[in-house]
Number of protein chains: 2
Amino acid sequence: MKTLAELGEDGLLARIRSRFSRQKHSTLVVGPGDDAAISKLKPGHVLVSTQDNLAEGAHFELAWADFRRLAHKLLRINLSDLAAMGAVSPVGVLVSAGFPAKAPQDWALDFLDGLAEDAARFKVPVLGGNLCRSQKVFFTLTALGQAKPAHIVRRSGARAGDLLAGIGPIGDAARGLADLKAGTSSGRFAKAFWEPEPQLKAGRILAEHGLATSMIDNSDGLMRSCDLLAQESGLGFRLSLARMQWEAAKADGEDYGLVFTVKPKDWGRVEQLLPQAYRIGVMWTERRSSARKPTGFDHFR
Amino acid sequence: MKTLAELGEDGLLARIRSRFSRQKHSTLVVGPGDDAAISKLKPGHVLVSTQDNLAEGAHFELAWADFRRLAHKLLRINLSDLAAMGAVSPVGVLVSAGFPAKAPQDWALDFLDGLAEDAARFKVPVLGGNLCRSQKVFFTLTALGQAKPAHIVRRSGARAGDLLAGIGPIGDAARGLADLKAGTSSGRFAKAFWEPEPQLKAGRILAEHGLATSMIDNSDGLMRSCDLLAQESGLGFRLSLARMQWEAAKADGEDYGLVFTVKPKDWGRVEQLLPQAYRIGVMWTERRSSARKPTGFDHFR
């Protein structure tokens with residue numbers, strides 16, 4: 001199989017260009033191929049920006065990496081961060097990749113396939129990025145979005161008494177990772193690991209209807225997400241989960257759903273608009289009160 | 001010396017927060033600490049975005065890396081890309097870093113020092129980013145800027161007969177790299193390698209006065225930059241350099257000045273406004289005409 005050194009940087013750039021030179025998007029003015037990209041935001045909208053990485057040895061191992069799905073994941077985990085800010089419309093992504101010169105060219109070409117697929121699926125233009133030689137494989141993606149200022153939801157807006165709620169799986173990605181390490185790369189759990197669903201629509205509904213008082217994406221385990229939300233809001237929280245969910249909630253996880261808070265009076269509306277939302281607890285004035293629960297989630301502090 | 005594993009991710013994040021939580025900038029609405037950052041562009045301005053990497057083994061070696069100056073370089077090479085698009089005002093940067101867990105904490109802390117220094121020097125807010133474990137050190141920076149659409153200069157606008165000109169050193173960074181490999185880390189050339197000057201003011205002047213018909217940042221050697229500009233404009237070019245500059249022009253280089261084209265009638269105005277600008281050649285209708293010159297720059301095609 002041909003290596004990246006044999007394909008050459010120019011060869012790879014030509015493939016990238018042919019893939020991303022005909023993108024159409026209302027915000028896209030200049031795409032890849034110049035020193036920088038140009039995008040046009042809607043009047044009255046603010047710019048929302050986030051960045052995330054996937055690195056060999058930390059997020060994946062070459063033994064079980066699937067570069068097409070890895071591109072899906074890289075895009076989705078960044079879109080998930082945009083979703084967690086409220087009603088955010090993606091404007092574009094910039095993507096960097098580092099590969100060893102001796103890497104099979106398919107690593108890069110599969111990654112490009114995956115990126116093009118999901119960029120089309122989520123209607124987000126690829127604005128540019130960078131390729132470089134690297135002894136270990138790594139990827140960085142920056143996602144840019146736009147939103148009306150009134151439709152931004154911070155981590156810090158929760159009030160005592162607000163209900164704590166979630167959208168998306170709990171623990172599925174962690175099971176998928178275990179499956180992958182054990183040699184199983186198909187099925188629901190592997191999919192949850194590789195292709196988490198960015199909750200852009202749910203984020204939009206919660207923000208546009210003024211329902212979420214605070215929000216975060218669930219990227220490092222449910223308990224950790226609840227803790228960060230509480231911390232930023234200067235509160236504690238109490239969880240009430242079904243017994244089978246406790247273990248999953250306490251574990252590390254890359255589920256990438258949303259965790260958010262809602263005033264009790266608004267819960268009916270949330271259930272109506274987002275039937276997939278579930279309650280997980282309540283925000284509490286005293287941080288100490290949650291520490292008293294013998295559930296083990298002090299561990300995450 | 002303490003390792004990053006001993007400092008811990010939370011310890012490092014606390015340092016980052018304390019450094020970047022009090023930034024003030026007209027565009028900055030929400031900085032680091034939420035799922036994404038929020039910036040506010042001026043009405044009628046477009047978003048300019050670019051991304052670049054520095055990776056161990058490709059751009060630097062641990063034997064001679066200086067992480068403070070490496071942060072300077074990473075920021076500046078991205079600002080240089082913004083400068084090459086015309087009159088662009090920086091809006092913010094997102095910065096990712098991958099370090100081995102066993103790395104001395106000073107690698108990260110020195111990098112943070114350098115980032116904070118140059119972010120202040122160039123008045124650009126640090127919006128966010130990401131930290132991850134990685135077996136080899138790598139960095140990615142995304143720079144965001146804003147510009148009036150009329151003040152954007154593309155690579156593709158050159159016309160036959162336009163003068164080809166430059167701003168910034170030729171070959172200094174390559175000499176600096178050679179010095180560093182030989183153990184000399186101080187002096188003008190090492191500085192040119194680590195701390196190239198992003199030509200934001202020159203880019204602004206050339207764009208606002210309508211002087212540059214095309215522009216590119218000189219990131220991979222002067223000849224390569226001229227060739228890319230010519231290619232994007234569908235033209236060839238002829239160079240007329242002093243003899244001592246030929247070798248430097250043909251070599252690889254990371255000088256990061258600007259290469260641009262100007263109508264002959266406008267050259268006087270360029271000299272007046274930018275006395276540091278120098279002429280290097282002329283754009284030519286037939287690409288073949290430049291290929292006939294026995295200067296060796298076919299090599300870069």
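All of the numbers you see were taken from the coordinates with simple rules; none came from a lab. Note that the structure is predicted; figures quoted are calculated from it, not measured. Backbone-built Cβ (ideal geometry, glycine too); neighbour counts: all protein chains shown.
Determine the shielding of peptide A:76-86 by partner chains: average, over its residues, the number of Cβ atoms on other chains within 10 angstrom of each Cβ.
Mean shielding count: 2.
Any chance you could tell me what percent of the C-alpha pair distances in segment A:4-149 go past 23 Å? Before the final figure, lay out the partial values.
Values: 3527 of 10585 pairs.
Summing the P(r) tail past 23 Å for segment A:4-149 gives 33 percent.
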Open item on the list: So the label point sits 7 Å from Cα along the Cα-to-Cβ vector; using that for B:Arg159, what distances do you get to the other copies, in nanometres, sorted shortest first?
Closed with: 6.4
TODO: Report, in deg cm²/dmol and to the nearest 500, the calculated mean residue ellipticity at 222 nm for the protein assembly as shown, where each DSSP H run with n ≥ 4 adds -39500 (n - 2.57) and the sum is divided by the residue count.
DONE: -10500 deg cm²/dmol
- [ ] Please identify which residues in segment A:242-264 have an amide N closer than 19 Å to a label point set 7 Å out from the Cα of A:Gln231, following the Cα→Cβ vector.
- [x] A:249-261
- [ ] Give the nm distances, rounded to one decimal, from B:Gly11 to the matching residue in every other copy, measuring between label points 7 Å along Cα toward the beta carbon; shortest first.
- [x] 4.6
Open item on the list: For B:Lys148, give me every one of the lysines with a C-alpha distance below 17 angstrom, ignoring sequence neighbours fewer than eight places off in its own chain.
Closed with: A:Lys40, A:Lys42, B:Lys40, B:Lys42, B:Lys201
TODO: Find which of A:Asn53, A:Ala84, A:Gln135 sits farthest along the positive direction of the dipole of segment A:4-149, computed with +1 on the beta-carbon of Lys and Arg, -1 on that of Asp and Glu, about the Cα centre.
DONE: A:Ala84
Open item on the list: Starting from 0.36 nm per residue, how many nanometres of slack lie between A:Lys102 and A:Ala242 once their C-alpha separation is accounted for?
Closed with: 45.5 nm
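Only Lys, Arg, Asp and Glu count, each charged at its Cβ (+1, +1, -1, -1), so figure out the dipole size of the protein assembly as shown about its Cα centre, rounded to 20 debye.
Working: 80 positive and 66 negative charges, 279 e Å.
In total the dipole reaches around 1340 debye.
How big is the charge dipole of segment A:152-221 about its Cα centre, in debye rounded to the nearest 20, if each Lys and Arg gets +1 on its Cβ and each Asp and Glu gets -1 on its Cβ?
Working: 9 positive and 8 negative charges, 10 e Å.
The dipole of segment A:152-221 has a size of about 40 debye.
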Open item on the list: On the principal axes of its Cα set, how long, how wide and how thick is chain A? Give whole Å, largest value first.
Closed with: 61, 50, 29
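Expressed in whole Å with the largest first, what are the equivalent ellipsoid semi-axes of segment A:1-86 derived from the C-alpha gyration tensor as the square root of 5 times each eigenvalue? Don't jump to the answer; show the numbers that get you there.
Values: eigenvalues 157, 97, 19 Å².
Ellipsoid semi-axes (Å, largest first): 28, 22, 10.
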- [ ] In Å and from the alpha-carbon atoms only, list the Rg and Dmax of the protein assembly as shown.
- [x] 24.9, 81
- [ ] May I ask you to report, in nm to one decimal and beginning with the shortest, the distances from A:Met244 to the same position in the other copies, taking label points 7 Å along Cα-to-Cβ?
- [x] 7.9
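How much length would be gained if the chain were fully extended between A:Asp10 and A:Arg121, taking 0.36 nm per residue of separation minus their Cα-Cα distance, in nm to one decimal?
On the way: separation 111, 0.36 × 111 = 39.96 nm, distance 2.73 nm.
Residue separation times 0.36 nm, minus the Cα-Cα distance, leaves 37.2 nm.
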TODO: Can you find, among A:Ala147, A:Ser18, A:Phe122, the residue farthest towards the positive end of the dipole of segment A:1-150? Put +1 on the C-beta of Lys and Arg, -1 on that of Asp and Glu.
DONE: A:Ala147
TODO: Treating the angle as unsigned and between 0 and 90°, give the value, to the nearest 10°, between the Cα long axis of helix A:67-83 and the longest Cα principal axis of chain A.
DONE: 40 degrees
Task: Electrostatic dipole magnitude of chain A [Cβ: Lys, Arg +1; Asp, Glu -1; Cα centre; debye, to 20] - done: 860 debye
- [ ] Among A:Met223, B:Ala97, B:Ala207, flag the residue with its Cα farthest along the positive direction of the charge dipole of the protein assembly as shown, charges on Cβ as +1 for Lys/Arg and -1 for Asp/Glu.
- [x] B:Ala207
Open item on the list: Inside 10 Å of the C-beta atoms of A:139-147, what's the mean count of C-beta atoms belonging to other chains?
Closed with: 6
Open item on the list: Starting from 0.36 nm per residue, how many nanometres of slack lie between A:Met1 and A:Glu208 once their C-alpha separation is accounted for?
Closed with: 69.5 nm
Task: Alpha-carbon centroids, segment A:88-153 and segment B:177-208: separation in whole Å - done: 29 Å
- [ ] Check cross-link reach from A:Lys191 to the aspartates and glutamates: straight Cα distance under 16 Å, and skip same-chain residues fewer than eight apart.
- [x] A:Asp66, A:Glu117, A:Asp118, A:Asp172, A:Asp179, A:Glu254, A:Asp255
Task: Cα-based reach from B:Lys123 at 18 Å (exclusive), listing aspartates and glutamates while leaving out same-chain residues under 8 positions away - done: B:Asp81, B:Asp113, B:Glu195, B:Glu197
Open item on the list: Given N residues in segment A:106-249, what is its alpha carbon radius of gyration divided by 2.2 N^0.38 Å?
Closed with: 1.25
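For a quick protection proxy, order the peptides A:175-183, A:131-139 by their average other-Cβ count within 10 Å, most packed first. Walk me through the numbers before you get to the answer.
Details: A:175-183: 16.2, A:131-139: 22.3.
With the highest mean Cβ count within 10 Å placed first, the list reads A:131-139, A:175-183.
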